[in-house]
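What follows is a set of notes on a single structure, which appears directly below.
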Amino acid sequence: MTLLPRQWDWLAEQPGGASAVLRRLVDDARRNGTDAQRQRAAQEAAYQFMLAMGGDLPGYEEATRALFAADLARLQQCIQDWPGDIRDYALRLAGAL
């Protein structure tokens, strides 16, 4: 990790030292992630599942476009004919259920 000298100085002044501060900052960021970060994580999880389980199913390519466009209604349409358990889990991962 590369920090500027003033940043290292600030870290050194914090209780517990640099490592403790960095751990707290990372934990805080993970707990308080932005909506955009959460949406991106949901999209990525849904995409990985869809790729593994539905990559050969009809509508897959259009479904991935809808997923990354955050068009959940269109995503539901694209995968409505997929096996129910695969469809439902993909939608759950994407945040549509």
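Since every read-out is calculated from the coordinates, none of them should be taken as a lab result. Quick caveat, the model's predicted, so the values are computed rather than measured. As a convention, Cβ positions derive from the backbone with ideal geometry for all residues, glycine included, and neighbour counts pool all protein chains shown.
Before moving on, here are some points about what is shown:
Conditions tested, residue by residue: (1) within 24 Å of ALA90 (Cα to Cα); (2) in contact with a helix residue (DSSP H, G or I) (Cβ under 8 Å, 6 or more places away or on another chain); (3) not in a helix (DSSP H, G or I).
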residue: ALA18; (1), (2), (3): no, yes, no
residue: ASP28; (1), (2), (3): no, no, no
residue: GLN39; (1), (2), (3): yes, no, no
residue: ALA52; (1), (2), (3): yes, no, no
residue: PRO58; (1), (2), (3): yes, no, yes
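- When TYR89 is tested against (1) without any contact (Cβ under 8 Å) to a residue 24 or more places away in the chain; (2) within 16 Å of the chain's Cα centre (by Cα), only condition (1) is not met.
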